[in-house]
1. For the stretch 463-594, taking Cα atoms only, what is the radius of gyration to one decimal and the Dmax to the nearest whole Å?
2. Grab the DSSP H runs of the chain that are 4 residues or longer, score each as -39,500 (n - 2.57), total them, divide by all residues and round the 222 nm result to the nearest 500 deg cm²/dmol.
3. Treating each Cα of the stretch 19-132 as an identical point scatterer and ignoring solvent, apply the Debye formula and state log10 I(q)/I(0) at q = 0.15, 0.17, 0.22 Å⁻¹.
4. Quick one: plug the Kirkwood hydrodynamic radius of the stretch 335-449 (C-alpha pairs) into Stokes-Einstein at 4 °C, 1.567 mPa s, and report D in µm²/s.
5. Within 10 Å of each residue's Cβ, count the other Cβ atoms and sort Val260, Val146 from fewest upward.
6. Place +1 on the Cβ of every Lys and Arg and -1 on the Cβ of every Asp and Glu in the chain, take the dipole about the Cα centre, and give the residue among Ala99, Tyr535, Tyr346 whose Cα lies farthest towards its positive end.
7. Calculate, in nm to one decimal, what Asp290 and Lys570 gain on full extension: separation in residues at 0.36 nm each, minus their alpha carbon distance.
8. Apply the Karplus curve 6.51 cos²θ - 1.76 cosθ + 1.60, θ = phi - 60°, to the phi angles in the stretch 174-191 and return the couplings in whole Hz, x for Gly and Pro.
Amino acid sequence: MRDSSHRFRLVAAGVILLLVAAAAWAEDGHRLWLRYDPVEALLRQQYKRTASEIVVDARGASATVVEAELERGLSALLAGEIPFRPQVDRDGAVLLALANDPKLQSLHLATGDLGREGFLLRSARFHGHSATLIVANSNNGLLYGVFALLRRVQMREPVDQLNLRSAPAYPLRMLDHWDNLDGSVERGYTGRSIWNWGSLPKIDQRYVDYARANASIGINAAVLNNVNADPKVLTPEYLQKAAALADTFRPYGIRVFLSVRFSSPIEIGGLKTADPLDPAVAAWWRHKTDEIYRLIPDFGGFLVKANSEGQPGPQDYHRTHADGANVIADALRPHGGTVLWRAFVYGNSAEDRAKQAYDEFHPLDGKFRDNVILQVKNGPIDFQPREPFHPLFGQMLRTRVALEAQITREYVGQNTGVAYLAPMWTEVLDADTCSPSCGTAVSATLSAMAGVSNVGSDRDWTGTNFDQANWYAFGRLAWNPRLSAQQIASEWTRLTWSNDPRAVKPIVSMMMESRKAVVNFMTPLGLAHQMATDYHYGPAPWVCDLKQPSWNPCYYNRADANGIGFDRTKSGSDAVAQYAPPVGARFANLAAVPDKYLLWFHHLPWTYRMRSGRTLWDELVGHYDAGVAEAAGMSRTWVSARPYVDAERWGAVASDLSRELGEARWWRDASIAYFQSLSKLPLPAGSPAPAHPLSYYEAIRPPNLPGQRR
Ligand code: GCW
């Protein structure tokens with residue numbers, strides 16, 4: 001009796017162990033790009049020669065995190081424990097040391113230009129032994145160095161001849177969460193908010209994992225809550241919760257910021273006004289800010305959306321955006337905090353929406369305190385699949401500017417398909433502002449980068465495997481905006497999928513194709529905002545509610561029986577004049593404007609002759625067709641990667657891609673059916689007629705869309 005129940009317990013324990021092990025190894029995407037799977041046996045021996053022991057010469061809570069990561073990474077990758085030693089006593093040591101460590105003096109390392117967060121990876125002789133040095137001016141720098149070293153091993157790159165120095169391009173590399181205090185996420189497609197406001201300040205392991213993932217790609221700031229901010233976030237109850245997160249993130253070099261509602265002095269302060277020039281309002285912001293710094297000594301600052309989409313702001317009191325930003329900046333200054341003031345403003349008038357932010361903010365150049373950063377979306381409308389760069393870039397010569405990118409795919413398919421967004425961001429970062437002179441890329445004019453996060457409560461963090469790449473790419477670009485989209489795709493693929501070139505090549509080519517496909521089947525040739533109003537999902541080029549012009553596809557496409565496109569030249573809204581003259585002249589000139597921006601800047605007849613020799617109509621249809629063909633091509637490419645990746649993740653992506661192909665057809669057919677009802681022109685030879693009449697597409701309404709996961 002005793003025996004059999006014992007056996008039963010043993011068997012049950014075995015089954016549970018197996019289940020736990022299976023869950024731990026389930027390919028559910030949770031491990032992101034930090035998989036640390038063991039290196040193949042032969043190579044492992046080589047790596048082991050450069051990782052025989054770990055020596056740490058750094059102190060403090062963040063040093064613990066640094067050594068834990070190094071140990072975790074190396075022992076997993078090299079499939080064996082790596083001993084810690086008090087000093088280098090054999091060949092192959094990995095030495096972590098702060099730059100001012102007297103032990104390093106004899107090596108004469110140049111570390112001044114590393115700044116607070118940069119690092120050096122160097123193979124050197126140390127105390128008579130071969131060693132790999134990770135050196136930085138702070139523990140955070142060391143952590144970045146550790147992740148860089150582990151990344152090299154994960155990518156099977158040699159680490160025995162290292163001479164690498166790296167420092168971030170911008171001091172502020174932040175994720176903006178549009179998470180609400182009720183747990184919902186604005187434009188989030190990945191479950192609920194990652195923050196459990198109900199149970200905070202209790203810390204969930206997921207917050208630690210989040211911090212670690214961000215640190216591994218160089219992100220050093222997190223705005224916890226939505227820019228459409230709930231004033232409650234500044235109440236003591238929520239500040240305690242934010243402080244708990246700040247404590248968790250600190251060892252990972254991540255500072256916490258909060259989005260604040262401009263009218264908070266009224267809503268939670270009991271004042272009658274939020275007028276930024278009222279001394280009582282200034283005092284309220286000061287006291288509130290002092291209270292926050294007592295709880296969070298390294299608090300980053302505030303993000304503010306004001307006088308935008310119904311949010312309150314300084315203009316409610318006939319004050320400027322600068323007045324509004326400065327009163328809050330003055331409260332933060334004694335503590336070293338920063339205000340990120342958003343430039344995303346527009347009214348619902350017939351005036352060109354693309355011009356409104358520049359018109360409001362350009363006259364304020366030089367009027368902001370130096371601890372204000374103006375946060376500008378990549379393009380002048382709103383995170384469209386493709387926009388030319390925002391004209392404020394390069395032209396706020398006396399104001400610090402951040403670029404805001406959207407990692408969550410509000411307008412780019414949301415949670416369907418694969419759309420790798422680094423090509424969109426590098427297109428903008430590399431654009432020449434010609435201000436103050438030509439050769440000044442957008443990336444050279446920035447002080448910070450902010451990405452609207454796509455992280456949520458889903459087990460795989462981002463809803464789909466390939467959306468992880470967008471989080472990864474954002475971080476890498478904020479660290480080094482000169483990295484190419486292809487290089488980042490290749491890195492991410494090798495970390496996330498496989499180092500086998502037979503997998504890397506097709507996956508990278510699919511990623512590089514993916515954004516092109518989306519632009520082609522949604523908004524080719526410079527069209528924008530053709531999505532359904534509100535949902536921003538699915539085609540609706542026919543929607544024309546003139547009561548809300550700035551949300552209407554027809555306001556953007558201006559299509560009628562004669563032609564299509566938004567005239568932003570002198571004969572139209574003259575938005576081209578907002579760019580530096582050489583840039584504006586190029587966009588205005590039909591002979592010089594790139595095809596990809598053609599209908600963004602020009603209204604043209606359907607029969608307009610393109611550079612290709614084809615008519616605009618034929619070319620437009622050709623782009624939609626190409627988008628569908630590219631979506632189909634992505635599915636085929638993915639099939640070719642099948643033997644080299646695990647079945648679980650392969651299957652999930654295959655179904656994402658087949659859903660995307662369906663949507664590509666939907667976009668193509670609906671757009672062509674509508675535009676053809678205006679142009680009355682025949683489709684070019686070989687281009688199939690839409691599968692249904694226009695009325696069919698008009699009748700499909702989000703959120704009950706075919707195939708969309710919600
Ligand atoms: O594009 C719009 C989104 C809003 C968002 C706004 C913004 C947070 O549709 O959901 O609000 O941009 O950036 O403020």
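1. 19.3, 55
2. Numbers: 20 runs with 271 residues, N = 710.
Calculated mean residue ellipticity at 222 nm is -12000 deg cm²/dmol.
3. So the normalised log intensities work out to -0.77, -0.94, -1.32.
4. Details: Rh = 14.9 Å.
D, rounded to a whole number, is 87 µm²/s.
5. On the way: Val260 24, Val146 28.
In increasing order of surrounding Cβ atoms, one gets Val260, Val146.
6. Ala99
7. Numbers: separation 280, 0.36 × 280 = 100.80 nm, distance 5.03 nm.
Full extension of this stretch gives 95.8 nm more.
8. 10, 9, 9, 8, 9, 8, 8, 5, 8, x, 7, 10, 5, 6, x, 10, 9, x
Readers should treat all values here as calculations from the given coordinates under stated rules, not as data from a laboratory. The structure displayed is predicted, hence computed values, not measured ones. Here Cβ is always computed from backbone atoms with ideal geometry, including for glycine, and neighbour counts include all displayed protein chains.
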